[in-house]
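A.B. asks: Mind having a look at this structure? Questions to follow.
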Amino acid sequence: MKKAKTELYVEVNVPEKELKSFIQKAKDWALINGISMRSKDPYSPNTLKIAPFLLLPSTFPKKEFVKATEVQITLNELMHKVAHDHQFLTEVLKSTIEVDGFTEKLFRIYEAVYAEGFNQKISLGLFRSDYMLHGDDDHKILQVEFNTIASSFAALACKITEFHKYVLKDLGYSDKLKNIPENNAMSGFCRGLVCAWTLYGNDEAKMLFVVEGITYNICDQRFLEFGVQKLNPSIKIIRRSLGELVTQAKLGPNNELIVDDSIMSVVYFRSGYEVEAYPTEKEWAVRLMVERSLAIKCPSIHYHLAGAKKVQQALALPGVVDRFLKDPNLVSKVTDVFTGLYGLDLDEKGDKAVAMAIETPRKFVLKPQREGGGNNFYDDDVRIQLEKMKDSKERTGWILMDRICPPPLKNILIRADSEECVEAQDVITELGIYGVIVGSENEIKVNEQVGHLLRTKLSSSNEGGIVSGAGHIDSPYLLV
């Protein structure tokens with residue numbers, strides 16, 4: 001029997017009219033302090049609206065939160081080693097690149113720079129490992145995915161932590177502040193970027209943020225930019241889309257990356273993980289140019305590929321993590337957070353996985369090799385999609401994951417584009433843990449866990465992207 005919903009742990013005993021006023025104050029706090037994004041409709045570069053967020057922090061078991069934070073450094077190391085294992089990446093992605101054009105393009109860039117030899121040995125990883133709680137009674141974290149490119153909301157995650165501390169104090173619950181963990185995600189990411197800039201060894205070099213042509217999640221990105229410059233005011237940062245770099249970027253005589261006559265020391269990708277970032281072959285040529293350059297990439301092409309869903313599925317196979325981690329205790333801690341993942345290759349195991357999901361589609365999630373949300377299939381759509389491609393090679397570009405069933409909670413959702421709803425609604429949460437790693441194949445210079453993010457959505461929603469509008473920024477309230 002399923003456990004009852006966890007009710008709000010803070011009594012908001014105020015009349016509805018006062019609660020509406022309190023919510024409006026919460027919106028003002030969010031807008032003034034940067035829990036904001038640009039509006040999509042209509043778009044204006046000069047107008048912000050609040051990002052979706054939660055009035056109160058959501059409960060999360062302290063034991064599982066600590067487990068997630070403690071395993072992050074090991075996961076950083078694991079993904080670093082995966083990224084530098086040419087044979088493993090080639091074997092694992094072989095079937096995927098035959099059917100997935102986007103992954104194939106990325107892999108061809110990787111093959112080219114690997115064959116030539118990496119001009120820059122150092123990579124910067126600003127990672128995020130995402131989890132959901134699973135189980136009816138004894139809830140435990142299970143990994144949803146591991147993000148190696150454009151791991152977003154590190155800055156806004158810190159802002160929502162500040163906000164929830166403010167709310168608890170304003171409601172008279174200062175004694176509960178100890179249950180909200182400190183969050184240093186933004187400063188941790190900024191330190192990683194500054195470290196990479198320093199390692200490049202050229203005080204005149206600039207830092208390049210590769211961004212979308214139109215950026216909605218502007219506050220999260222700019223806070224990182226301003227944070228870097230606060231740590232080191234001499235660092236100059238420019239923002240360019242891949243399209244702009246087509247005409248503005250070139251390689252110098254020693255493979256320096258030069259944009260508008262300035263050398264770039266670090267390239268931080270906040271775009272480039274989606275098909276839409278490469279409308280023509282020219283953008284792909286720019287990505288190859290960047291990878292060939294001396295600039296330190298975040299992520300490098302091999303870090304990018306290490307985050308592929310197919311790699312995640314392969315790592316969950318028995319004995320595979322042992323290839324990269326020699327300490328059995330660390331292997332056990334990593335595999336403990338893995339959920340069931342299944343390849344859909346055209347073999348007996350793949351056939352079995354397809355048949356299993358067609359028979360009980362609600363127990364699984366069907367995932368392509370894509371980032372950014374909105375690409376997965378759930379419920380009956382799992383069966384429909386698999387029946388369409390069950391005898392086709394197309395299916396090898398997908399993986400199947402056991403569906404994680406987090407416990408339902410109650411909270412008050414706040415959005416810019418809706419009337420204030422003062423009733424607590426049924427929600428579920430997803431925890432993200434941020435990690436920073438800097439190093440070359442044979443030397444890891446920095447490896448840290450730096451902070452966290454909670455994304456919360458209606459329990460009836462499958463997708464949880466914040467920019468897409470389904471998810472809400474949240475922070476954990478830890479319970480023993």
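A.B. asks: Normalise the Debye intensity by I(0) for region 1-150, one equal point scatterer per Cα, no solvent, then take log10 at q = 0.10, 0.16, 0.19 Å⁻¹ and round to two decimals.
C.D. replies: The Cα Debye sum returns log10 ratios of -0.69, -1.12, -1.20.
A.B. asks: How many angstrom separate the Cα center of region 284-319 from the Cα center of region 217-250?
C.D. replies: 21
A.B. asks: Please give me, ordered by residue number, the GluC sites (Glu not before Pro) of region 143-211 that lie in loop per DSSP and have at most 11 other Cβ atoms within 10 Å.
C.D. replies: E182, E204
A.B. asks: Can I ask one more? Defining a contact as two alpha carbons under 8 Å apart and six or more residues distant in sequence, what relative contact order in percent does region 237-364 show?
C.D. replies: Rounded, it is 17 percent for region 237-364.
A.B. asks: Would you compute, from DSSP H runs of 4+ residues alone, the mean residue ellipticity of the chain at 222 nm, taking -39500 (n - 2.57) per run and dividing by the full residue count, rounded to the nearest 500?
C.D. replies: That comes out to -11500 deg cm²/dmol.
A.B. asks: Something else now. For the chain, what does the relative contact order come out to in percent, with C-alpha contacts under 8 Å and a separation of six or more?
C.D. replies: 27
A.B. asks: Tell me, in nm to one decimal, what length is gained between Q425 and S174 on full extension, where the rule is 0.36 nm per residue of separation less the Cα-Cα distance?
C.D. replies: That works out to 87.9 nm of additional length.
A.B. asks: Next question, about the same structure. Take the alpha-carbon centre of region 53-77, take the same for region 138-203, and report the distance between them in whole Å.
C.D. replies: A separation of 11 Å, based on Cα centres.
A.B. asks: According to the Cα gyration tensor, what semi-axes, each the square root of 5 times an eigenvalue, does the equivalent ellipsoid of the chain have, listed from largest to smallest in whole Å?
C.D. replies: 34, 29, 21
A.B. asks: Still on this model: For region 340-403, what are Rg and Dmax over the alpha carbons, in angstrom?
C.D. replies: Expressed in Å, the Cα Rg and Dmax of region 340-403 come to 10.4, 31.
A.B. asks: Further, regarding this structure: Given a cut-off of 18 Å, name the pairs among K67/K176; K40/K297; K25/K178; K49/K230; K25/K49 whose C-alpha atoms lie farther apart than that in the structure shown.
C.D. replies: In this structure, K67/K176; K40/K297; K25/K178; K49/K230 exceed 18 Å between Cα atoms.
A.B. asks: Counting Lys +1, Arg +1, Asp -1, Glu -1, what net charge surrounds T47 among other residues with beta carbon under 12 Å of its beta carbon?
C.D. replies: It works out to a net charge of +2.
A.B. asks: Next question. By counting other Cβ atoms within 10 Å of each Cβ, how are H139, H86 ranked from fewest to most?
C.D. replies: Going from least to most buried by this count: H86, H139.
A.B. asks: Okay, next question. Just rank S39, S152, S475, S44, fewest to most, by other beta-carbon atoms within 10 angstrom.
C.D. replies: S44, S39, S152, S475
A.B. asks: Starting with the highest mean, order 289-299, 319-329 by the number of other Cβ atoms within 10 Å, averaged over the residues of each peptide.
C.D. replies: Packing proxy ranking, top to bottom: 289-299, 319-329.
A.B. asks: Of the listed pairs K363/K393; K206/K457; K333/K388; K282/K310; K81/K165; K81/K105, which have alpha-carbon separations greater than 29 Å here?
C.D. replies: From the list (K363/K393; K206/K457; K333/K388; K282/K310; K81/K165; K81/K105), the Cα-Cα distance tops 29 Å for K206/K457; K333/K388; K81/K165.
A.B. asks: Give the peptides 269-282, 89-102 in descending order of average Cβ contacts within 10 Å, highest first.
C.D. replies: For the peptides 269-282, 89-102, the packing ranking is 89-102, 269-282.
A.B. asks: What is the Rg over Rh value, at two decimals, for region 432-480, using alpha-carbon atoms and the Kirkwood definition of Rh?
C.D. replies: 1.18
Here, each number is a calculation from the coordinates, and none is a lab measurement. The structure presented is a predicted model; accordingly, all values stated were derived computationally and were not measured. Quick reminder, even Gly has a Cβ in these numbers, built from the backbone with ideal geometry, and neighbours come from all protein chains shown.
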